[in-house]
Structure formats: C-alpha cells, structure tokens
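In what follows, a structure is listed as structure tokens, so that the remarks can point back to it.
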Amino acid sequence: QVQLVESGGGLVQPGGSLSVSCAASGSISRISSMGWYRQAPGKQRELVAAISSSGRINYADAVKGRFTISTNRAKDTVYLQMGSLKPEDTAVYYCNARLGLINFWGQGTQVTVSS
C-alpha cells in the first residue's frame with residue numbers, strides 16, 4: 001500500500017508558474033513510477049508527466065517544454081513545476097504511484113489558470 005499526500009496548486013494568471021508536490025508513504029521501495037495526471041471538467045483523466053524509479057521521464061505533448069517533473073533523493077516525493085501556464089491547464093491534478101499493475105492516487109489538487 002502507498003499513501004499519497006499532495007500539496008500546492010491554486011490560482012495563477014496565464015503565463016505564470018506554479019508548483020505541486022506529492023509525498024508518498026508506505027511501500028515506497030516497491031514504487032516503479034510516480035507521476036501526475038489531470039482531469040478537467042467533462043474530460044477524461046490524462047497523463048501529464050511521469051518518472052520511473054530508474055529516472056526515465058515521460059511528458060504529455062501538451063506540457064513539454066513548460067512543465068518539469070522531478071523527485072527528491074529519497075524518491076518519496078515527486079514535484080511538478082509548471083510554467084507558462086495556460087487556461088487549458090486548468091484541472092484537478094492527481095498524484096499517481098504505480099506498484100506493478102496497481103495504481104495509487106492522491107486526493108487531487110485544483111490548479112486554476114485565469115486572469
């Protein structure tokens with residue numbers, strides 16, 4: 001089992017920056033990847049960025065060059081730095097941890113990009 005606690009998020013103007021973080025606890029050593037997904041109203045949840053335990057990173061095309069995912073040295077916290085934010089980035093952002101075929105989710109944090 002893995003527990004995920006997110007922090008950060010909020011309201012930011014277009015073009016601004018924001019960061020969210022997610023702290024994992026529990027069976028951390030068994031985590032194969034951590035990442036961020038988002039879900040906008042009326043849309044399906046989609047991958048934003050993910051980082052594997054070996055450090056391999058994957059970004060959605062929509063955020064490449066604007067968002068950066070990273071972990072701390074202990075690999076129990078994952079960060080998402082978001083820059084050049086657009087209104088279409090508005091969504092609930094969910095932290096994800098994968099143990100084999102099992103996904104664990106955080107409670108979600110709202111990110112709103114609006115003037």
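The values are calculated or read from the model by the stated rules, or taken from the named source; none is laboratory data. Model, not experiment: these values are computed from the prediction. No Cβ is skipped: glycine too gets one built from the backbone with ideal geometry, and neighbour counts run over all protein chains shown. Note: accessible area is taken over every heavy atom of the protein model, side chains too, but ligands, DNA and RNA are not part of it. Shrake-Rupley method; radii C 1.70, N 1.55, O 1.52, S 1.80 Å.
Some notes on this structure:
- Highest-MSF residue in the chain out of Ile102, Ile69, Ile51 [GNM, Cα springs under 10 Å]: Ile102
- Residue-count net charge about Val113 - beta-carbon cut-off 13 Å; Lys, Arg +1, Asp, Glu -1: +1
- Solvent exposure of segment 22-115 amounts to 54 Å² per residue of accessible area, where only protein heavy atoms count and the probe is 1.4 Å.
- Given +1 at the Cβ of Lys and Arg, -1 at the Cβ of Asp and Glu and no other charges, the dipole of segment 1-105 around its Cα centre is 220 debye to the nearest 20.
- Solvent-accessible area, 1.4 Å probe, carbon plus sulfur percent, for the chain: 48
- Dimensionless Rg ratio for segment 1-43, taking C-alpha atoms and the 2.2 N^0.38 Å reference: 1.49
- List Leu47, Leu99, ordered by accessible area with a 1.4 Å probe, largest first: Leu47, Leu99
- Across segment 40-47, computed HN-Hα scalar couplings (Karplus, 6.51 cos²θ - 1.76 cosθ + 1.60, θ = phi - 60°) run 8, x, x, 10, 7, 5, 9, 5 Hz from first to last residue, x flagging Gly and Pro.
- For the residues Asn72, Asn58, Asn96, a GNM of the chain with alpha-carbon springs under 10 Å puts the largest fluctuation on Asn72.
- The chain: most fluctuating residue of Gly65, Gly83, Gly35 per GNM, C-alpha cutoff 10 Å: Gly65
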